[in-house]
Amino acid sequence: MKILCVIDNLGSGGAQRQLVGLALGFKERGNVVSFLVYHNNPFYNSILKKAGISILCIEAPDYLHRLLKMRKFIRRGKFDSVLSFLEAPNFICEFTGIPYRKWKLVVGERNADSAILKSTKLIFYRWFHFFADFVVSNSHANMLYVHQVNPFLKKSKCKVIYNIVDLDLWKPLNNISFCREDARLRLIVAASYIHRKNLNGLIEAVRLLNHEEIEKIVIEWYGDRPTESYHDNSFLVASEKIKAYGLEKVIKLNPVTQDIAKIINESDAVGLFSFIEGLPNVVCEGMACAKPVVCSNISDVSKFLSYDANLLCDPADPHSIKNSLSYLINLSEDRILEIGQENKRISEKLFDKEKIVSDYLNLLKP
C-alpha cells in the first residue's frame, strides 16, 4: 500500500511518537510510507529519513491557504490510504475527501478532553468524522466524548486501539537494579512544559512532603518547551517556584531527549500528573520497562493500573499527588520490583507493536 501519514508537525509530542512508530511498522511490512506536516519541527525527521520515509512540510501564511495546499497535494498523491492524527489534521483530511475520494481514510483521536463538549469548533471537527472510513481513539474515555458530541456516528466505524510500544526497545535491563541517586529514588517524568501536564501541581505536592521523604526522592522532568499556539509560561513559573521552595536538588528540569528509553530504564519509577491525556506514551513505556508508575487517574489509566490504586492521584489536588508520592517513596524494594513486573505483564498484553500495526493496517486496506 501507498500510505500517507498526516499530522501538524514532527516534534516530540505523544501523538507524533505514536504516528512515527506506526509509520515505521508500516514500512517494515513492505508498504510505501510518507509524511505530510504543516509546521517545521524536525525532532523525528532523522529517524524517518533513515527508514526511507519521505517528509513534506507545507507551510502557508494562513489556515485557508494551508487547507487548500494540503488538499491539492493529497488529492494528487495517488495514495491508497491516509492516516491522520489530531483535530486539525483530521479535519483537513476529511475535508479533502469531499465530494469524493478514492483512498481509505482513518483519523485518530488522541486526547480525552472534556473541552470538546463545550467548544463549537471542536464539536464541528467531530461532525466531519462522517467523511472518514474509521475513527480510531487510543482510549475508551476519549471515544465516549466523541460519541457525546456526534451521537449519530456509527459505532461500527469507531475503534479503540491502544498505543503502540516497541517491546524490543522498551524492555527492562537484564540486571534489574535500583538506580538511586545519592540514595534517592529516581522518578522520571517525560512531558512537555505546558499547563495541562501539571508541573506546577507536582511542585506543590513535593513541597508538602516531609523532610525525610524529600531526602529520599529526586524527580527528573524531560520535555519540550513548545512555541506557537501551545506556548505558555509553565516552564518559567516552575523554575521560579523550584528556586523559591528550595527544591533544586529534588526537581530537575531537562530538555527533551531521544534517549528517554535509556533514561527510564536507568530510573526507579515513572510519573505523569497531567490534567488531560489520551493514553500517555510514558505510562505505557514505563510499564514495558517494568517500572512502577505514579499517575493521574485520567483516561483509561485506571483500567490497567488500578491493582494498586495508591499510585493513582487527582491531578487537581496537590495533597492527592503528595499522598501517591509518599506511598511510592516508602515502598520496599521488593514491592517496587513486584509492581514493575506486573506492569510489564500488562504492557505485553495490551501494547504489543505487531498486533497494533496489524490492527491499523486492517483498517487502512483499500
Next item on the list: Inspect region 280-293 for any residue being surrounded by fewer than 24 Cβ atoms within 10 Å (Cβ to Cβ), closer than 24 Å to LEU208 by Cβ, in contact with a helix residue (DSSP H, G or I) (Cβ under 6 Å, 6 or more places away or on another chain) and not charged (D, E, K, R) and give the result as yes or no.
Entry: no
Item checked: Subset of region 99-132 (residues that are surrounded by fewer than 19 Cβ atoms within 10 Å (Cβ to Cβ), in contact with a helix residue (DSSP H, G or I) (Cβ under 8 Å, 6 or more places away or on another chain) and not hydrophobic (A, V, I, L, M, F, W, C)) -> ARG101, SER114
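For every residue, the table says whether it meets (1) touching a strand residue (DSSP E or B) at 6+ places or on another chain (Cβ under 8 Å); (2) within 25 Å of ASP224 (Cα to Cα); (3) hydroxyl-bearing (Ser, Thr, Tyr).
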residue	(1), (2), (3)
ILE264	yes, yes, no
ASP268	yes, yes, no
PRO280	yes, yes, no
LYS291	yes, yes, no
ASP300	no, yes, no
ALA309	no, no, no
Checklist line | Criterion violated by VAL301 - all others in (1) surrounded by fewer than 18 Cβ atoms within 10 Å (Cβ to Cβ); (2) modelled with pLDDT under 95 satisfied | finding: (1)
Note to self: I need the full set of residues from region 40-81 which are assigned to a loop (DSSP other than H, G, I, E, B) and farther than 30 Å from GLY223 by Cα, in order please.
What the structure shows: GLY77, LYS78, PHE79, ASP80
Note to self: Return the pair list, or none, for Cβ contacts closer than 8 Å from residues in region 320-337 that are closer than 15 Å to VAL270 by Cβ to residues that are among the aromatic types (Phe, Trp, Tyr) and at pLDDT 95 or above, at least 6 apart or on different chains.
What the structure shows: ILE321/PHE273
Checklist line | Residues being crowded, with 19+ Cβ neighbours inside 10 Å and modelled with pLDDT of 95 or more - total across region 17-33 | finding: 10
Check: Under the condition of being in a helix (DSSP H, G or I) and under 21 Å from HIS195 (Cβ atoms), which residue from region 277-298 is modelled with the lowest pLDDT?
Finding: ASN281
Note to self: I'd like to check which helices (runs of 4 or more DSSP H) are fully inside region 99-208 and have at least 2 residues that are farther than 29 Å from LEU363 by Cβ and outside the structural domain of GLN18 (by TED's automatic domain parsing).
What the structure shows: 199-208
Notebook entry, point to check: All but one of (1) buried (at least 22 other Cβ atoms within 10 Å of the Cβ); (2) part of a helix (DSSP H, G or I) hold for SER274; which doesn't?
Noted result: (2)
Next item on the list: Hey, can you tell me all the residues within region 4-38 that are part of a loop (DSSP other than H, G, I, E, B) and over 15 Å from VAL106 (Cα atoms)?
Entry: ASP8, ASN9, LEU10, GLY11, SER12, GLY13, ARG29, GLY30, ASN31, TYR38
Notebook entry, point to check: Considering region 249-268 alone, what residues qualify as being assigned to a loop (DSSP other than H, G, I, E, B) and either under 23 Å from ASN200 (Cβ atoms) or among the small types (Gly, Ala, Ser) (or both)?
Noted result: LYS249, VAL250, VAL256, THR257, SER267
Next item on the list: Please give the number of the condition TYR44 fails out of (1) more than 20 Å from LYS2 (Cα to Cα); (2) surrounded by fewer than 17 Cβ atoms within 10 Å (Cβ to Cβ); (3) in contact with a helix residue (DSSP H, G or I) (Cβ under 6 Å, 6 or more places away or on another chain).
Entry: (2)
Item checked: Inter-residue pairs, beta-carbon under 8 Å, first free of Cβ contacts under 8 Å to residues at least 24 places away in the same chain and in region 116-137, second surrounded by fewer than 21 Cβ atoms within 10 Å (Cβ to Cβ) and assigned to a helix (DSSP H, G or I), 6+ apart -> TRP127/VAL149
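The values are calculated or read from the model by the stated rules, or taken from the named source; none is laboratory data. This is a predicted model, so every value here is computed, not measured. We place every Cβ from the backbone using ideal geometry, glycine too, and count neighbours over all the protein chains shown.
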